[in-house]
Amino acid sequence: MMQNNVPKNIVILISGGGSNMAAIVRAAQQENWHQRYGACVAAVVSNKADAAGLAFARQQGIATEVLDHKAFGTREAFDAALADAIDHYQPALVVLAGFMRILTPGFVARYAGRLVNIHPSLLPAFTGLNTHQRAIDAGCKVAGVTVHQVTAELDVGPILDQAVVPVLPGDTADTLAARVLTQEHIIYPRAVRALLPLL
C-alpha cells in the first residue's frame with residue numbers, strides 16, 4: 001500500500017487518437033482522483049509523433065513524450081528506452097490505450113501487476129486483431145470489450161472489467177466498432193478507478 005502522500009502516477013501509452021486516454025483523463029478530472037485517491041495522469045507517451053492524442057494531453061497540461069520505435073534496432077532496445085521514459089514519472093500504473101506495439105516479456109515483467117490494457121472483444125474470445133469482423137463472421141449475437149492486466153501472453157491476462165454490446169443485423173466491422181468504443185470509454189476509466197485504492 002502506498003503512503004497517502006506519495007502520488008499514484010498514471011502513465012498512459014498511445015499510438016493514435018487516444019480517445020480512451022482522453023476518457024480516463026476526463027474521469028480523473030471530473031471525479032477528482034487526485035483528492036480522492038492521490039492519483040493523477042502524469043504523462044502520455046506515444047511511439048508516433050503525429051498521434052492526435054498528444055495534442056489533447058498537452059491541452060490538459062499533461063507531460064508528453066514521443067519515442068519513435070523505428071529509431072531502435074530491436075524491439076528490446078525500444079522497450080528499454082520506453083521503460084526509462086515511463087520510470088521518469090514513477091508510475092503506480094501503466095495504461096495501454098491503443099498502443100499498437102507488442103511488448104517484450106521483459107517490459108511486461110517490469111510492470112507486472114500494474115500494467116493494464118483494453119481489448120475490443122469479450123476475452124477470451126477473439127484475441128489479436130480484426131476482432132469486430134471476426135465476431136460478425138462467427139455469427140456472434142453479442143460482442144464487447146475487456147479491460148485486463150497484461151501478461152507476457154497476448155490478451156490473456158486477468159480480466160478486470162467487461163462490457164457487452166449486441167451484434168445487430170447488418171452490422172459491419174465499423175458500426176460494431178463504434179458501438180463497442182462507446183462502452184470502452186465507460187469501462188476503461190471505471191476499471192482504472194477501481195485499481196487506485198489497491199495501489
Matching residues, the stretch 126-137, being of a type in the set (Gly, Ala, Ser) and either in contact (Cβ under 8 Å) with a residue 40 or more places away in the chain or crowded, with 17+ Cβ neighbours inside 10 Å (or both): Ala135
Selection within the stretch 119-146 - touching an Asp or Glu at 6+ places or on another chain (Cβ under 7 Å) and part of a helix (DSSP H, G or I): Ile136
Residues located in the stretch 107-134, provided they are farther than 17 Å from Leu93 by Cα, out of contact with any Pro (no Cβ under 9 Å at 6 or more places or on another chain) and not basic (Lys, Arg): His119, Pro120, Ser121, Leu122, Leu123, Pro124, Ala125, Thr127, Gly128, Leu129, Asn130, Gln133
Complete set of residues in the stretch 1-52 that are crowded, with 20+ Cβ neighbours inside 10 Å and of a type in the set (Lys, Arg): Lys8
Residue in the stretch 99-114 that is surrounded by the fewest Cβ atoms within 10 Å (Cβ to Cβ), counting only those that are assigned to a loop (DSSP other than H, G, I, E, B) and of a type in the set (Phe, Trp, Tyr): Tyr111
Matching entry among Arg101, Arg114 (being at pLDDT below 95, more than 18 Å from Arg26 (Cα to Cα) and not β-branched (Val, Ile, Thr)): Arg101
Checklist (1) farther than 29 Å from Asn32 by Cβ; (2) surrounded by 15 or more Cβ atoms within 10 Å (Cβ to Cβ); (3) touching a His at 6+ places or on another chain (Cβ under 9 Å); (4) not β-branched (Val, Ile, Thr) applied to Cys140, failing item: (3)
Search result, residues across the stretch 149-169 that are surrounded by fewer than 15 Cβ atoms within 10 Å (Cβ to Cβ), over 18 Å from Gly113 (Cβ atoms) and touching a strand residue (DSSP E or B) at 6+ places or on another chain (Cβ under 7 Å): Val164, Pro166
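The values are calculated or read from the model by the stated rules, or taken from the named source; none is laboratory data. Everything numeric in this text was worked out from a predicted model, so none of it was measured. When we count neighbours, we look across all protein chains shown, and the Cβ atoms used for this are built from the backbone with ideal geometry, even at glycine.
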